[in-house]
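Step one of this worksheet: look at the structure below.
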Amino acid sequence: MKKFKALKITGVIIGVILIFTAGFWLGLDFTYKFNINLPKFDQIFSKAGSGDSSSTGNSKNESELSVKALEQTIDSVSKEALTPKTKEELVVAAINGILDSLGDKHSEYFTRNQYTKIMESYQGIMSGGIGVVVTMNDNKEAEVVKVIKGSPSSKLDIKQGDLIKKVDGADISGLSLEEVVSKIKGPVDTEVNLTFFRPEGKKTFDLKIKRGTFAVPNFDAEIIEGNIAYVQYYDFQEGGAQQLEKELDGLIAQGAKGIILDLRDNLGGVLDDAVYLCDLFLDNGTIVTVKGRNNGKDSFEEFKAKEGKYLDIPLVVLINGYSASASELTAGALRDSKRALLIGEKSYGKGTVQALHILSDGSGIKFTTAKYFLPSGESIDGTGIIPDITVKLDAQSKSDVQKERAIEEIKKLIK
């Protein structure tokens, strides 16, 4: 199984992601989105240093003393350390240190620019990108997951599995995925030179790609084989399932008797979208349970199915090793409810929830706040979902044997 941290970079999507989300990439992630306004560090420090002797006497709250100590450290180091650092750099280092202390592989700090682009990716907007979804693989290499249709990269010879080695001639080894993405993205109509390595054939090649602005669709849908609605659901965006509902109404009116929901290479996204999509096919029972912490207390939230719309139409779901987070929740919920047949390969195995917070300067942080559980009570974190019918896709094959098997099985269910 490929283990990865993912960023949509449709332009490098950036990611992601994310959320429950993600995706945001980020994707990858399945992330709750909390847009809260936190006070700036200097405001916190000012408050901590002032104290209120009328109510507390000479004693100070321990948390205020701790924040004051942090302020003093940043001030002293910025003025006297042999290695020069600005206060802004030290504040970012402090934030990263706090996140690192969690031992949470999904925790991250985002600059204002990165956070803005994350929000754009959740809304299906991309500007200044090239149209490639990438992940950081086991070897910490930027690996192409897929190319977005209609993007600048869709006209070029870029394939899943290609590795990005250089950006504008600069080696990107050792850089984080966010840093790679920020180097690739840029002003619309400017060009970026990328050096790729294709493991198949051990081929290295350069491509000059013009950055553009384009929509990032979260799904494509069409009628195939005369009476099958085939839906490629790329990621879970805000309002995506509502749009799919309208599309399915049209396809069923055109004679669709069965549905294939393709969640392969879907890195995740927004929780609400995953729940809404599942609810289209269910009329009762639990879709997902989320257990974690919120406002300093243990939290528990259970999402129940309401009256579904497509309860009787046969449904097959395709998954693979790039199906992560929200796509796994969807596949698992439909499987546990005996509503869909799963075909393909074992999914990635991400069963945690991240919160995405915006800070007062426009930057942001993300960290794990909960775990989600399927209707069966199962957590798939680290294990993934094994399909009902395993079909491995041979990279050398010119045909999509997984899709062909899905067509075969949906035809049986229609009959």
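Taken together, the values in this text are just the output of simple stated rules run on the coordinates, not laboratory data. A quick note: this is a predicted structure, and the numbers were derived from the prediction, not measured. Glycine gets a Cβ as well: all are built from the backbone with ideal geometry, and neighbour counts include every protein chain shown.
Which value in nm describes the separation of the simple spin-label points at residue 283 and residue 392, placed 7 Å from the Cα toward the beta carbon?
Spacing of the two 7 Å Cα→Cβ label points: 4.2 nm.
Once R0 is set to 22 Å, what does the formula 1/(1 + (r/R0)^6) return for the Cβ-Cβ distance between residue 102 and residue 383, expressed as a FRET efficiency to the nearest 0.05?
Numbers: r = 22 Å, r/R0 = 1.00.
For R0 = 22 Å, the calculated efficiency reads 0.50.
Starting with the highest mean, order 271-278, 289-296 by the number of other Cβ atoms within 10 Å, averaged over the residues of each peptide.
271-278, 289-296
Classify region 134-174 as rounded, prolate or oblate, taking a ≥ b ≥ c as the square roots of the eigenvalues of its Cα gyration tensor: rounded when a/c is under 1.5, otherwise prolate if a/b is larger than b/c and oblate if not.
Since a/c reaches 1.5 but b/c is at least a/b, the shape of region 134-174 is classed as oblate.
What is the distance in Å between the Cα centroid of region 195-210 and that of region 229-303?
36
Evaluate the relative contact order of region 279-415 (contact order divided by residue number), counting alpha-carbon pairs under 8 angstrom at least 6 apart; express in whole percent. Display every interim value, and only then the final one.
Working: 267 pairs, mean separation 34.7, N = 137.
Averaging sequence separation for qualifying contacts and normalising by length gives 25 percent for region 279-415.
List the residues, sorted by chain then number, that are 5 or more residues from residue 262 or on another chain and whose placed amide H is less than 5 Å from its amide H.
Under 5 Å from the amide H of residue 262 lie the amide H atoms of 231, 232, 233, 318, each far enough along the sequence or on another chain.
Starting from the Cα gyration tensor of region 241-384, take the square roots of the eigenvalues, sort them a ≥ b ≥ c, and report rounded, prolate or oblate (rounded when a/c is under 1.5, otherwise prolate if a/b is larger than b/c, else oblate). Walk me through the intermediate numbers first.
On the way: a/c = 1.76, a/b = 1.67, b/c = 1.05.
Judged from the Cα gyration tensor, region 241-384 comes out prolate (a/c at least 1.5, a/b above b/c).
Along the Cα→Cβ direction, 7 angstrom out, place labels at residue 76 and residue 399. What is the inter-label distance in nm?
Roughly 7.2 nm, to one decimal.
How big is the Rg/Rh ratio for region 140-215, C-alpha atoms only, Rh by Kirkwood, two decimals?
0.93
Using a 10 Å cut-off on Cβ atoms, rank the peptides 313-323, 74-84 from the highest mean neighbour count down. Walk me through the numbers before you get to the answer.
Values: 313-323: 24.8, 74-84: 11.1.
Per-residue mean Cβ counts within 10 Å order the peptides as 313-323, 74-84.
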